[in-house]
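Below you'll find the structure, written out as C-alpha cells, and then a few comments.
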Amino acid sequence: MPQLFMLPHQVPLSSSAGLLAGAKLTFSATGSSTLQNTYSDIDLTTPNANPVVADANGVFSAIYLDPSLPHYRVKLTTSADVLIYQQDNVPSNQNTSQQFRLKATTPELLFQETDASSDNSRWRIRVDGEQLLIQIGDDAESSWADVATLTRSGNTPQSLDFAGQYLRVNGVLTATQENSTAANATLTGVTTTVQGDVTIRRSGTKVSLKLPALSGTSNSTAMSLTGLGSLNFSSGGVVLCRVTDNGTTQIGTATIGTSSITFGVGASGASFTSSGTKGIPAQLIIFDTDLADIA
C-alpha cells in the first residue's frame, strides 16, 4: 500500500526561525542520485515534479511513495538549492517490519489486481469468529464468495472446506467433484427417445459415472449414450460394464469418449442385435484418465 511521506526531520526553518518558502525535496533511490517518482494521490496515478517544491509558507503538498520502488534518498534544499540535509533509507513501503499484525474484531486484508478484467480483481483474506476465509469479490466489493474456509477449536484445526472445482496438491489433482449437469443424456440405437441423468464424481484422475437404467426397442447394431459434453473429459479408454442385448443383461464394454459413451456386447465389444430390447441397467462405471483430461 502506498504510504504518505513524512519529513524525516522537523519542519525546516531559516536561520531567523522563518519558514523556508519554495524549499525543495528531491527523491532518488537510496545511496544514489537516480531519481524515483513520488505521487500526489494514493492510487499513484499522478507523479509529482522531482524535486517537489514547497509553497510560499514552506508547506509541501501530499507526497505518496511508491512501494514497488527501492527505499528513497530524500534531499531537502532551500529554494536556492542550498543543502539543508539528506536522508537515505527512507522506506518506500510502510510494512518494513518482519511481523505484520491486523488487529480488529473482524480483521481482513484486501488485494486488488490493477490489470485484471471486470469483476476478476478482488481477493480478500478475512478472520470471522473461528474461521479463516479466503474470498473472491466483485469490483464493487459488495458481494464475496468463499474460496476456502479453515475452522479451528482453540489451538486445534478442525476442517478445511474448499469451494472450488479442482484442488491440486503439489501439482496433482486430488479434489473430488460431483456434477449432475449431464441431464437428459440420450440413449441411441433405439426406436424412441430414451433419456436419463448422469452423475459424475471425480477424485484425482479417477472418474466414476453413475448411469441410470435406460432401455428401448433396438433398431441398430450400435448403442451409445450421448449428451455428456459438459463433462469435458477425453478418452478414458475401454472399461467393462453391464449391457442388455435382445432382453438379456450381460457383460459389455463402455468406450469413454469426449462427449459420449459407446457400448459393446461381451468382453470383446461385439455388435448389438438390431431387434428386441437393449440398453443399460443402472450401474457405476469407474475409469482412470490423465490429469489434463479432467480439467
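The values are calculated or read from the model by the stated rules, or taken from the named source; none is laboratory data. Note that the coordinates shown come from a computational prediction; the quantities given were computed from them, not determined experimentally. As a convention, Cβ positions derive from the backbone with ideal geometry for all residues, glycine included, and neighbour counts pool all protein chains shown.
Would you confirm, using the coordinates I've provided, whether THR192 is touching a Lys or Arg at 6+ places or on another chain (Cβ under 6 Å) and either among the polar types (S, T, N, Q) or at pLDDT 80 or above (or both)? No: the conditions fail for THR192.
Could we say that LEU25 is surrounded by fewer than 13 Cβ atoms within 10 Å (Cβ to Cβ) and part of a strand (DSSP E or B) here? Spell out how you get there, then give the answer.
Values: surrounded by fewer than 13 Cβ atoms within 10 Å (Cβ to Cβ): no; part of a strand (DSSP E or B): yes.
Judged against the criteria, LEU25 is not a match.
Before we move on, is PHE100 among the aromatic types (Phe, Trp, Tyr) and assigned to a loop (DSSP other than H, G, I, E, B)? Can you show your working first?
On the way: among the aromatic types (Phe, Trp, Tyr): yes; assigned to a loop (DSSP other than H, G, I, E, B): yes.
Answer is yes for this residue.
Residues that are modelled with pLDDT of 95 or more and under 16 Å from GLY196 (Cα atoms) occur at least once in region 270-278.
Among residues of region 201-212 that are assigned by TED's automatic domain parsing to the domain that holds VAL239, those with a beta-carbon under 7 Å from a residue that is assigned to a loop (DSSP other than H, G, I, E, B) at least six positions away or on a different chain give the pairs GLY204/THR174; THR205/THR289; THR205/ASP290; VAL207/PHE233; VAL207/GLY236; VAL207/THR289; LEU211/ALA282; PRO212/ALA282.
Show me the strands (runs of 3 or more DSSP E) found entirely inside region 129-174 where at least 2 residues are loosely packed, with under 15 Cβ neighbours inside 10 Å and outside the structural domain of ASP288 (by TED's automatic domain parsing). So that I can check it myself, show each step before the final result.
Details: elements: 131-137, 144-153, 156-162.
Once the strands (runs of 3 or more DSSP E) in region 129-174 are filtered for at least 2 residues that are loosely packed, with under 15 Cβ neighbours inside 10 Å and outside the structural domain of ASP288 (by TED's automatic domain parsing), what remains is 144-153, 156-162.
The condition of being without any contact (Cβ under 8 Å) to a residue 40 or more places away in the chain and in contact with an Asp or Glu (Cβ under 8 Å, 6 or more places away or on another chain) holds for only one of GLY257, GLY247, GLY252, GLY269, that being GLY252. Residue pairs whose Cβ atoms lie under 7 Å apart, separated by 6 or more positions or on different chains, with the first residue in region 60-83 and closer than 17 Å to SER40 by Cβ and the second aromatic (Phe, Trp, Tyr), are ILE63/PHE5; TYR64/PHE5; TYR64/TYR39; LEU65/PHE5; LEU65/TYR72; ASP66/TYR39; TYR72/PHE27; VAL74/PHE27.
One line per residue, one yes/no per condition, for (1) surrounded by 12 or more Cβ atoms within 10 Å (Cβ to Cβ); (2) at pLDDT below 90:
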site	(1), (2)
HIS71	yes, no
THR77	yes, no
VAL82	no, no
ASN93	yes, yes
PRO107	yes, no
GLU113	no, no
ASP119	yes, no
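So is ASP139 within 23 Å of the chain's Cα centre (by Cα) and on the phi > 0 side of the Ramachandran plot or not? No: the conditions fail for ASP139. Could you grab me the full set of residues in region 35-68 that are modelled with pLDDT of 90 or more and under 11 Å from SER92 (Cβ atoms)? Residues satisfying the conditions are GLN36, ASN37, THR38, TYR64, LEU65, ASP66. Looking only at region 230-243, decide whether some residue is of a type in the set (D, E, K, R) and either crowded, with 21+ Cβ neighbours inside 10 Å or more than 37 Å from the chain's Cα centre (by Cα) (or both). The answer is yes; a qualifying residue exists. Taken over region 262-286, residues that are surrounded by 18 or more Cβ atoms within 10 Å (Cβ to Cβ) and under 11 Å from THR249 (Cα atoms) amount to 4.
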